[in-house]
1. Looking at the range 1-43 only, could you name the residues that are of a type in the set (Ser, Thr, Tyr) and part of a strand (DSSP E or B)?
2. If you check every pair at least six apart or on different chains, which have Cβ atoms under 6 Å apart with a residue in the range 1-17 that is of a type in the set (A, V, I, L, M, F, W, C) first and a residue that is surrounded by 10 or more Cβ atoms within 10 Å (Cβ to Cβ) second?
3. Which count do you get for residues in the range 24-38 that are within 13 Å of Val6 (Cα to Cα) and aliphatic (A, V, I, L, M)?
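Here, each number is a calculation from the coordinates, and none is a lab measurement. Since the structure is predicted, the reported quantities are computational estimates derived from the model, not experimental observations. Neighbour counts are summed over all protein chains in view; Cβ atoms, including those assigned to glycine, are modelled from backbone coordinates with ideal geometry.
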Amino acid sequence: MISGLVANIQRYSLQDGPGIRTTVFLKGCPLDCWWCHNPECRAPER
């Protein structure tokens, strides 16, 4: 089983793909992308 910390659930999203959808944002991203729209979801500094 895979588990994760949910940062946000966005209903009726029109920006994350075609059509209307629900988007689940998880915390702990190991990447440090300069274009990140959700920097609060990055993994804490090690």
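1. The answer is Tyr12, Ser13, Thr22, Thr23.
2. Hits for this filter: Leu5/Lys27; Ala7/Phe25; Ala7/Lys27; Ala7/Cys41; Ile9/Val24.
3. 2
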